[in-house]
Each structure stands twice: as structure tokens, then as C-alpha cells.
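The next block holds one structure in the form of C-alpha cells; read it before the comments.
The values are calculated or read from the model by the stated rules, or taken from the named source; none is laboratory data. No experiment lies behind these values; they were computed from the predicted model shown. Note that we place each Cβ from the backbone using ideal geometry, even for glycine, and neighbour counts take in every protein chain shown. Each accessible area value is taken on the protein alone, full model and side chains, heavy atoms only, with ligands, DNA and RNA left out. Shrake-Rupley method; radii C 1.70, N 1.55, O 1.52, S 1.80 Å.
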Amino acid sequence: MSEAISVTGDSVLRLARGVKMRQDDVRQRTVLLAPERTVALDETGIAILSRLNGEASLDTIAAGLARSYNAPHSVILKDATTFLQDLADRRFLEAVT
Amino acid sequence: MSETGHQGQGGDTIDPPMAMLAELTHRCPLACPYCSNPLQLKQAKDELSTEQWIDVFDQAAKMGVLHLHLSGGEPASRRDLVELTQAASERDLYTNLITSGVGLTEQRMNSLDDAGLDHVQLSLQGADAQSADVVGGYKGGFERKMHVAEWTNSCGIPLTVNAVCHRRNMDDLDTMIDLAVTLQARRLEIATVQFNGWAVRNRAQLMPTSEQVAATTAKVEAVRERLKGVLVIDYVPADHFATYPKACMGGWGRIGINVDPTGLVLPCHAAETIPSLTFDNVKDKALPDIWYRGDAFNAFRGTEWMQEPCRSCERKHIDFGGCRCQAMAVAGDAAATDPVCAKSPLRDELRANAIAASAGDDTQPFVYRGRETVSS
Ligand code: SF4
Ligand code: SF4
């Protein structure tokens, strides 16, 4: 049985197999495709997911985003954790250990 | 840029479809008593060719379809399944194989993996070989499914287990859930049997009791919480005991487009039960033309076609008046309010009939498609 993922700053994550981020040209947006699901992504979602490479910890990613967007690290980390925990609960993510 | 921003009747814009159900073939080695395919199956000789299907996928991708469900019958009965999957995947469609597992081998699964298959949805007819093979009407089917799950996992392809539940297996739900977890499924779909197609013939054998429906709904809630992050459960409750109907297909001509084995394009896979509709074929017309301008798609699109009580109902943009095929079957009028709705004058009768059917004899054998003899 697979383990449920609890997302923290230390988590190293990547999109699970069968979960794909792609451009939806017809509707001019970016979507996340997963079994029987389509999630339209906003700019923040795209920024977080495109950095989930299975190597960097979430904390490192949040630090990078804080610099690029000139926003407080703690706020970004908190928002990213909530966003990713929701995706993890839907089994869209894989934890790299 | 493909066609977008089409104006429909009443000035609403028609959005492009999100998902296509490609019924590659009606051939199937199983004979599930609840099969939703039409009573009159399409013949193998009339099926679209490989090139024709690929052209359909190409048009679908260009017009904005994101998800492609490769279904049937049993899609593995098509010898070109790998080629079709590859072509769909090259067009960036998210490919989902909806299979009974029969007709797949380890080698074929590996080829599907190489072809870019994104997801496998495996049907289970019961929680053990004994009961599952009786329901599927195919000996050895259950064992094959166990292997298919294993091969899917070793390829790394996400697996959904699909369980149709009905009176005869609803009490085994716990075992089904445990099995889905053991098989490392990411998702479990529990769909209560729907009475269209062949399922109508087995209504008395399959109709769940209202107690079973209530227990199942409560169980699903609890298990969702317990298995959060481990198994995602999608549940389609029995609408015969609901207050309001389901938004069938998420609304007619709104999200989904079906192509039958012969290339007929349908707004819902049971749409052929509505005699007033005429359907276009991909052999004669371009797919966008059929979706945006086809008579069958425009017949029940939006809300303009509605009668009372739907017309003035505040839920009309939520459930779109429910299922047109059920309205046809029960009310004899495809534009009527879905008879499962509390506001339908036919609802009490429908519920009384459902309760009567659910009191059927549990030893009564199923009626199998294409088989003269029945077994229990
Ligand atoms: S419901 Fe059963 S018989 Fe019908 S197509 Fe599916 S697997 Fe085959
Ligand atoms: S009256 Fe029509 S729109 Fe209103 S809830 Fe019933 S089916 Fe839906």
C-alpha cells in the first residue's frame, strides 16, 4: 500500500506519472491533466509546478520564488504547501526520498 | 487557432469539447449483465479503420479535446490498439484505456506504455474470482485482471479500478475497496448500475435496495477520509433514490463527445435510444461541424429546449434537467424533466418501481447478451 504524502518544507516532490502539465492552445491557458481530471492553473500554480523537479526541496523552491516575485518566503511556503497538499491528496504527486 | 466562441441558440457560446469517448469496437469477450452498450451492437465489419480513427483524434485534438477515453466493448479487441494509442499520444491527447483486461498481455501492455498510454481503467465485476466471473460471464477473467493490474503497475502507469455496483455485490464493497488498495490503484470508481442498454434486461436482478444505497453512500464518505492521499474515490450514487438528477455528461453537448465504432457521433452513449434525433458520422462531416452545428448536439444544448418544471427551476444550470435518455425511457419524451427529480410528476411511480425491482429474488440468474442459456 502506498503512503499518503504530508507536504512540508523538506518535501522533495515531482508530478506523478500520468500527471501532465501542458499548454491548452485552444483555450489559451495551462492545464494539469490527470486521470479523469483537468485543473486550470494560474500563474502561481505554474510557477510552483514547473519547479517541482524531484530534486529541490519545497523550501528551496519557495526561497527562489520569494526572490523572483519579491514576496515574503514564509507566505510563499505556506501557500505552496496548501496547494501541493491538495494535489498530493488527489495523488497527483510523488515524493522523492 | 481552432474554432472557438461559437454562438448557440439563445446567444450562449458553445465551448469546445473537453473529452472524447472513442468506442473503438462493440466486440467484447465479457457479457456483463449491466452492459450499457446498446441492445443492437455495431458489427466488426462496420468499424472505422485505423486511418479513420486517427483522423478523428487529429480533429479532436485540434478542436480542443484534452482527454481521450479509449473504450468499447473491449478496446483490446482492436488489433491496432497500440497504433491508435500512439497516434493519440503524439497529438498530445491524454490517453485513458478503459478495459476489462481480457485481450491484454504483458507484452502488449509494454507496447502501450511505449506508445505513451497515460492511464489504465480496469473494470472489476466482483471482489473474488468466483463472483466476478459469474457477473462478467467469462471464466478466468478475474485472474487475467489481477495480472493486468500488476503489468500496469510495473510499467508505472496509474491505475484506476472501476467497480459497477448493484444489489448483488454492494454488500461486498469493503472487499472491493481492500482489493483496489492491494492492487495499488490510485483511484477507485464506484458507479451504481445505470439502467440503459442491456442493463434494462437485468433490472430486477440488479436494482439495489434503498438501504444498500444509503449504507454505500455513508461508507464511501468514511473510506474517503480513511484513505485520503492513498486512494481517490469517485462515486456515482444510485439516482433512483436521489432528490435531484445528475448532470448527465455534465450537460448535453457541453463537455463530452462520443464516437461509436462506426463513426457515428453521439452527445451521450445512449443517445440512440431517442428516436427523434439524427446523428452525423465522421465519414461525412468534419468533427467541429458536427459538434457546433449538428442537430443531435443542438437538440438539448443549453436551456432553451426545456419544459416546465425545469424551465423556471433554479437548478437548471446545475443539472441541466438531468438525463435525456432516462426522460425518454420513463416519460416517453426526451425533453421532459428527468423522472428521478423530486419535481417530476413521474417520480413517485419511478421510485415505487425501483423499490419493487429491488425486492427481486437474489437467486434469479442474470440474462447474458448473446447467450441462450443462463447460469447463476
Ligand atoms: S459493460 Fe461488460 S460487457 Fe459491456 S462492454 Fe463493458 S466489459 Fe463488455
Ligand atoms: S426541475 Fe429540472 S432543472 Fe430543476 S432540479 Fe428537476 S431536473 Fe433539475
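Residues of the stretch A:3-44 that are within 11 Å of chain B (Cβ to nearest Cβ), part of a loop (DSSP other than H, G, I, E, B) and open to solvent by 50 Å² or more (accessible area, probe 1.4 Å): A:Glu3, A:Ala4, A:Ser6, A:Arg17, A:Asp25, A:Arg27, A:Gln28, A:Glu36. Screening the stretch B:95-106 for residues that are without any contact (Cβ under 8 Å) to a residue 60 or more places away in the chain and open to solvent by 10 Å² or more (accessible area, probe 1.4 Å) and picking the one that is farthest from the chain's Cα centre (by Cα) gives B:Glu106.
Test B:Pro16 against the stated conditions and say whether it is at pLDDT 95 or above and part of a loop (DSSP other than H, G, I, E, B).
Working: at pLDDT 95 or above: yes; part of a loop (DSSP other than H, G, I, E, B): yes.
Yes; evaluated as a whole, the condition is true for this residue.
Note on the stretch B:187-208: among residues that are open to solvent by 30 Å² or more (accessible area, probe 1.4 Å) and not acidic (Asp, Glu), the one that is nearest to the other protein chains (Cβ to nearest Cβ) is B:Gln194.
Being open to solvent by less than 30 Å² (accessible area, probe 1.4 Å) and outside any loop (DSSP other than H, G, I, E, B) is a description that applies to B:Ala354. All of (1) within 12 Å of chain A (Cβ to nearest Cβ); (2) at pLDDT 90 or above; (3) surrounded by fewer than 22 Cβ atoms within 10 Å (Cβ to Cβ) hold for B:Ala180 with one exception: (3). Taking every residue in the stretch B:278-291 that is surrounded by fewer than 14 Cβ atoms within 10 Å (Cβ to Cβ) and pairing it with any residue that is not aliphatic (A, V, I, L, M), at least 6 positions away or on another chain, the pairs with Cβ-Cβ distances below 6 Å are B:Thr278/B:Asp295; B:Lys283/B:Gly263.
Provide a single number: the residues in the stretch B:317-358 that are within 10 Å of ligand 2 (Cβ to nearest atom) and of a type in the set (Ser, Thr, Tyr). Show your work before the answer.
Kept after step one, since they are within 10 Å of ligand 2 (Cβ to nearest atom), are these residues of the stretch B:317-358: B:317-323, B:327, B:336-344, B:347.
Next, from what is left, pick out any that are of a type in the set (Ser, Thr, Tyr): B:337, B:344.
Matching residues across the stretch B:317-358 total 2.
Residues in the stretch A:51-73 that are modelled with pLDDT of 95 or more and of a type in the set (S, T, N, Q) were compared, and the one that is most open to solvent (accessible area, probe 1.4 Å) is A:Thr60.
Working carefully through the options B:Asp80, B:Asp92, find the one that is within 14 Å of chain A (Cβ to nearest Cβ) and open to solvent by 10 Å² or more (accessible area, probe 1.4 Å).
Working: B:Asp80 fails: within 14 Å of chain A (Cβ to nearest Cβ).
Only one candidate passes the filter, namely B:Asp92.
For the stretch B:152-167, check the following and say yes or no: at least one residue is among the aliphatic types (A, V, I, L, M), in a helix (DSSP H, G or I) and in contact (Cβ under 8 Å) with a residue 12 or more places away in the chain. Steps first, answer last, please.
Of all residues in the stretch B:152-167, those among the aliphatic types (A, V, I, L, M) come to B:157, B:159, B:161, B:163-164.
Now narrow it down to the ones that are in a helix (DSSP H, G or I): none.
There is no residue in the stretch B:152-167 that is among the aliphatic types (A, V, I, L, M), in a helix (DSSP H, G or I) and in contact (Cβ under 8 Å) with a residue 12 or more places away in the chain.
Here's the yes/no breakdown for (1) more than 16 Å from ligand 1 (Cβ to nearest atom); (2) in contact with a Gly (Cβ under 9 Å, 6 or more places away or on another chain):
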{"position": "B:Cys35", "(1), (2)": "no, yes"}
{"position": "B:Asp58", "(1), (2)": "yes, no"}
{"position": "B:Ser71", "(1), (2)": "no, no"}
{"position": "B:Leu84", "(1), (2)": "yes, no"}
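Number of residues in the stretch B:198-245 that are hydroxyl-bearing (Ser, Thr, Tyr) and not in a helix (DSSP H, G or I): the value is 4. When B:Gln307 is tested against (1) within 16 Å of ligand 1 (Cβ to nearest atom); (2) open to solvent by 20 Å² or more (accessible area, probe 1.4 Å); (3) not small (Gly, Ala, Ser), just one condition goes unmet, and that condition is (1).
Condition check ((1) among the polar types (S, T, N, Q); (2) out of contact with any Asp or Glu (no Cβ under 9 Å at 6 or more places or on another chain); (3) under 17 Å from B:Met20 (Cβ atoms)) across all residues:
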site: B:His67; (1), (2), (3): no, no, yes
site: B:Ala76; (1), (2), (3): no, yes, no
site: B:Leu112; (1), (2), (3): no, yes, no
site: B:Gly126; (1), (2), (3): no, no, no
site: B:Val134; (1), (2), (3): no, yes, no
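Residues in the stretch B:314-345 that are assigned to a loop (DSSP other than H, G, I, E, B), among the aliphatic types (A, V, I, L, M) and either within 16 Å of ligand 1 (Cβ to nearest atom) or buried (at least 17 other Cβ atoms within 10 Å of the Cβ) (or both): B:Ala334, B:Ala335, B:Ala336, B:Val340. Scanning the stretch B:109-134 for residues that are within 23 Å of the chain's Cα centre (by Cα) and of a type in the set (A, V, I, L, M, F, W, C) yields B:Met109, B:Leu112, B:Leu117, B:Val120, B:Leu122, B:Leu124, B:Ala127, B:Ala132, B:Val134. Looking for something of a type in the set (Ser, Thr, Tyr) and in contact with a Cys (Cβ under 8 Å, 6 or more places away or on another chain) - is there at least one such residue anywhere in the stretch B:102-120? No. Sub-9 Å Cβ pairs linking a first residue in the stretch B:12-31 that is without any contact (Cβ under 8 Å) to a residue 60 or more places away in the chain to a second residue that is basic (Lys, Arg), at least 6 apart or interchain, are B:Arg27/B:Arg78, ordered by first then second residue.
Residues of the stretch B:21-65 that are under 27 Å from B:Val193 (Cα atoms) and of a type in the set (A, V, I, L, M): B:Leu21, B:Ala22, B:Leu24, B:Leu30, B:Ala31, B:Leu39, B:Leu41, B:Ala44. Does B:Ala22 satisfy being at pLDDT 95 or above, part of a helix (DSSP H, G or I) and either within 16 Å of ligand 2 (Cβ to nearest atom) or hydrophobic (A, V, I, L, M, F, W, C) (or both)? Criteria not met by B:Ala22. Filtering the stretch B:221-257 to residues that are surrounded by 17 or more Cβ atoms within 10 Å (Cβ to Cβ), among the charged types (D, E, K, R) and out of contact with any Ser or Thr (no Cβ under 9 Å at 6 or more places or on another chain) leaves B:Lys246, B:Arg254.
Across the stretch A:55-95, the number of residues qualifying as closer than 12 Å to A:Arg14 by Cβ and within 14 Å of chain B (Cβ to nearest Cβ) comes to 7.
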